[in-house]
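What follows is a single structure, written as structure tokens, with notes after it.
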Amino acid sequence: MSIRITIACPENMIAEANQFALCIGSTPADAQTFGSATWEDGQGERYALASLLAGPQFAQTAAEPLRAPDHTEHADVTAAAFAQSALRIWSPLSPGSFPSLSADRLIAVIGLDAGLAIPLLGLSPVPIED
């Protein structure tokens, strides 16, 4: 069984978030989880989004102490730990309020399709300039 996870990553944390994905993921390709910051909040701050399927243990795995993964020699565990410390996980079953976006926080929404998670995050596509 897998669950849908949508993660918003501030533009200034993409490199660290990709190292975190590499450390908790299963292939070297996980280092490319977050691409360009093509989404923005109401204040114009930009975010990269990743929507993926993961095992039901994602929240537990994401909170465990990090180590260099066996599938690559190029992991930056220090950068990954920085992203891990900024991660907030929310699901419809979570107690408390939805975590607010900020330039120093990654938000993972678990258990909702991206089409429902993105409005909760308050993000919209960056307008394309003509």
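Tabulated results
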item: Close pairs from region 50-65: first closer than 27 Å to residue 37 by Cβ, partner surrounded by 11 or more Cβ atoms within 10 Å (Cβ to Cβ) and of a type in the set (Lys, Arg), Cβ under 8 Å, at least 6 apart; result: 51/4; 52/4; 53/4
item: Any pair with Cβ under 7 angstrom, 6 or more apart, that starts in region 103-122 at a residue that is in contact (Cβ under 8 Å) with a residue 12 or more places away in the chain and over 13 Å from residue 90 (Cβ atoms) and ends at one that is in a helix (DSSP H, G or I) and open to solvent by 50 Å² or more (accessible area, probe 1.4 Å); result: 103/12
item: Selection within region 9-32 - part of a loop (DSSP other than H, G, I, E, B) and open to solvent by 40 Å² or more (accessible area, probe 1.4 Å); result: 26, 27
item: From 61, 6, 72, residue being polar (S, T, N, Q) and assigned to a helix (DSSP H, G or I); result: 61
item: Residue match in region 44-58 (condition: touching a Phe, Trp or Tyr at 6+ places or on another chain (Cβ under 9 Å), surrounded by 13 or more Cβ atoms within 10 Å (Cβ to Cβ), within 15 Å of residue 7 (Cβ to Cβ) and of a type outside the set (A, V, I, L, M, F, W, C)); result: yes
item: Residue list for region 79-121, restricted to those being open to solvent by 40 Å² or more (accessible area, probe 1.4 Å), of a type in the set (Gly, Ala, Ser) and outside any helix (DSSP H, G or I); result: 96, 97, 100, 103, 111
item: Test result for residue 58, within 15 Å of residue 108 (Cβ to Cβ), modelled with pLDDT under 95 and among the aromatic types (Phe, Trp, Tyr); result: yes
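The values are calculated or read from the model by the stated rules, or taken from the named source; none is laboratory data. Values in this document were obtained by computation on a predicted structure and should not be read as measured data. Don't worry about glycine lacking a Cβ; one is built from the backbone with ideal geometry, like all the others, and counts go over all protein chains shown. The area values use the complete protein model at the heavy-atom level, side chains included, leaving out ligands, DNA and RNA. Shrake-Rupley method; radii C 1.70, N 1.55, O 1.52, S 1.80 Å.
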